[in-house]
Amino acid sequence: MNQLQLLAGTSVADITPPLEVGLLTSSVNGLYEPFESVRLPLKARVLVLQSSEELVAIVSLDLLSLNDTSVGGWDKFKENIAGVVTAEKIIVCYTHTHSAPESVAISDLYLTKTYRAWLKTVQAKIKQAIEDAFNNAEACNVGITSGELAGYSLQRRIKTPGGIVMSDSIQPIAKELLDIPPVDRRIRSVQFHSIKKNGVATMVHAICHPVHEMCMPHVSSEFPGEMCNDLELSPENGMPLFLNGAAGDTNPPTVSMGPLFAQQHGVAIAGLVKKAKQQMMLDTSSFAFSGDSVQLKIRPGSNVANKLDALARISAVRIGSLAIIFLPGEPFLETAFEIEDQSPFDQTIIVGFSENNIGYIPTEEAFEQGGYEIGPGKWSFLERDACRQIQNKALEVLKKLYNK
């Protein structure tokens, strides 16, 4: 087998909005306010992967998310960024920074002229970035590393005699709360190097809400942006790209405590990536794509009327014995663990916050317990069986991919 059959190319574009394309200040009340400044610009980071049979673009956006309503139709949005790569094989995902525009139609910001003009610009920049990445692609080998980072994430749904509370309501976090399960502190990186040993890309997967700067009136790419900035200091890392995991029930212990904590978190992840030893090389001749979708039901009382906001689109790529599967919305860790455990691949990375946002995807147990993530509201509007349907569809996609 030719280990250098896979081509990889990268490109980065600035998608920082005008300040009036503001931030979400209350999901419950559907409120937003303009930004006052920019601390860290927002980026679109594109990785194009090409083999003799497949051409796929992975687009990581420093945004909260996007959905069918906020972009005026998800299929139309994808067609507007398609070109050298077809719409169905462009995988869009989000770092889920909460210091980016309110871009999921919880408020009426998406109806404003300024928002629509910014979104049009974002589409044009993504399309150009995909073309640029395609044009500079070169033969690569690929390796994967793994490590664990303690102290920066915890299970945010805390059980109390009065019910489930969010961890940020009881900050500073007591030491005994940090390791309440489930929590997943793995940091996995997929590293692409050219045949000349030059760094092309470092794709980093971690699991945590980027909310160190939540509700602060400045634009920021948060800890994922800080991680990328640190990794960019060394050419051997190529272009860094952050993939958030099933972080629907995972927070840092320092919510809304400011930029210093976001910087510390991002630099800590970057440091672990740089120190981690390569776990294994991947067979780049076994590169493939698979995808599917499942229509989910909307709960009454959630104030969501667009059926397409509940269409769950799932995509996956394989590189040898590794599968990376992209799930929409905010899945919980339990769902990710079950998919990983049942996956036919030796290693499976579950990415959340992908494609069109479908809100929180609580487990059935979480519905019994209650809490913010259950809603109902525009942030959580799916029926109870949604997590099971997504899990089943994800496993179908993985099995199809494995048999390609």
If you scan the range 100-128, which residues turn out to be of a type in the set (Val, Ile, Thr), buried (at least 20 other Cβ atoms within 10 Å of the Cβ) and part of a loop (DSSP other than H, G, I, E, B)? 104, 106
Meets criteria (more than 25 Å from residue 57 (Cβ to Cβ), surrounded by 24 or more Cβ atoms within 10 Å (Cβ to Cβ) and either touching a Cys at 6+ places or on another chain (Cβ under 7 Å) or modelled with pLDDT under 95 (or both)) for residue 240: no
Selection from the range 174-212 of residues that are more than 20 Å from residue 149 (Cα to Cα) and not hydroxyl-bearing (Ser, Thr, Tyr): 192, 193, 195, 196, 197, 198, 199, 200, 201
So which residues in the range 171-224 are free of Cβ contacts under 8 Å to residues at least 60 places away in the same chain, of a type in the set (Asp, Glu) and within 25 Å of residue 10 (Cα to Cα), if there are any at all? none
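Among the β-branched types (Val, Ile, Thr), out of contact with any helix residue (DSSP H, G or I) (no Cβ under 6 Å at 6 or more places or on another chain) and touching a residue at least 60 places away in the same chain (Cβ under 8 Å), is that true of residue 144?
Yes, satisfied.
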Does the range 142-159 contain at least one residue that is within 30 Å of residue 69 (Cα to Cα), buried (at least 17 other Cβ atoms within 10 Å of the Cβ) and of a type outside the set (Val, Ile, Thr)? yes
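This table checks each residue for (1) touching a His at 6+ places or on another chain (Cβ under 9 Å); (2) acidic (Asp, Glu); (3) within 23 Å of residue 288 (Cα to Cα); (4) in contact (Cβ under 8 Å) with a residue 40 or more places away in the chain.
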{"site": "20", "(1), (2), (3), (4)": "no, yes, no, yes"}
{"site": "24", "(1), (2), (3), (4)": "yes, no, no, yes"}
{"site": "29", "(1), (2), (3), (4)": "no, no, no, no"}
{"site": "37", "(1), (2), (3), (4)": "yes, no, no, yes"}
{"site": "43", "(1), (2), (3), (4)": "no, no, no, yes"}
{"site": "50", "(1), (2), (3), (4)": "no, no, yes, yes"}
{"site": "56", "(1), (2), (3), (4)": "no, no, yes, yes"}
{"site": "65", "(1), (2), (3), (4)": "yes, no, no, yes"}
Got a sec? Which of 42, 49, 64 is modelled with pLDDT of 95 or more and farther than 26 Å from residue 259 by Cβ? 49
Are any residues in the range 219-237 closer than 24 Å to residue 35 by Cβ and either touching a Phe, Trp or Tyr at 6+ places or on another chain (Cβ under 6 Å) or buried (at least 23 other Cβ atoms within 10 Å of the Cβ) (or both), and if so, which ones? 219, 220, 221, 222, 223, 224, 225, 226, 227, 228
Check 270, 262, 276, 305 and return the single one that is small (Gly, Ala, Ser), touching a strand residue (DSSP E or B) at 6+ places or on another chain (Cβ under 9 Å), buried (at least 18 other Cβ atoms within 10 Å of the Cβ) and on the phi < 0 side of the Ramachandran plot. 270
Does the range 69-91 contain any residue that is touching a helix residue (DSSP H, G or I) at 6+ places or on another chain (Cβ under 9 Å), modelled with pLDDT under 95 and not β-branched (Val, Ile, Thr)? no
Residue list for the range 283-301, filter: polar (S, T, N, Q), in contact with a Leu (Cβ under 7 Å, 6 or more places away or on another chain) and in a loop (DSSP other than H, G, I, E, B): 284
Qualifying residues in the range 210-258 (those that are in contact with a Leu (Cβ under 6 Å, 6 or more places away or on another chain) and polar (S, T, N, Q)) - the one nearest to residue 194 (Cα to Cα): 237
Scan the range 369-383 residue by residue and report those that are touching a strand residue (DSSP E or B) at 6+ places or on another chain (Cβ under 7 Å) and on the phi < 0 side of the Ramachandran plot. 369, 372, 373, 374, 379, 380, 381, 382
For residue 210, are the conditions met, namely being in a loop (DSSP other than H, G, I, E, B), modelled with pLDDT of 95 or more and over 18 Å from the mean Cα position of the chain (by Cα)? no
Yes/no for residue 374 being in contact (Cβ under 8 Å) with a residue 24 or more places away in the chain and either surrounded by fewer than 22 Cβ atoms within 10 Å (Cβ to Cβ) or aliphatic (A, V, I, L, M) (or both): no
Taking the range 336-379 on its own, how many of its residues are among the hydroxyl-bearing types (Ser, Thr, Tyr), closer than 13 Å to residue 249 by Cα and not in a helix (DSSP H, G or I)? 2
Filter the range 225-236 for residues that are among the aliphatic types (A, V, I, L, M) and in contact (Cβ under 8 Å) with a residue 24 or more places away in the chain; the one that is nearest to residue 17 (Cα to Cα) is 227
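The values are calculated or read from the model by the stated rules, or taken from the named source; none is laboratory data. Owing to the predicted nature of the structure, the values given are computational and were not obtained by experimental measurement. Glycine also receives a Cβ, built like all others from the backbone with ideal geometry; neighbour counts cover every protein chain displayed.
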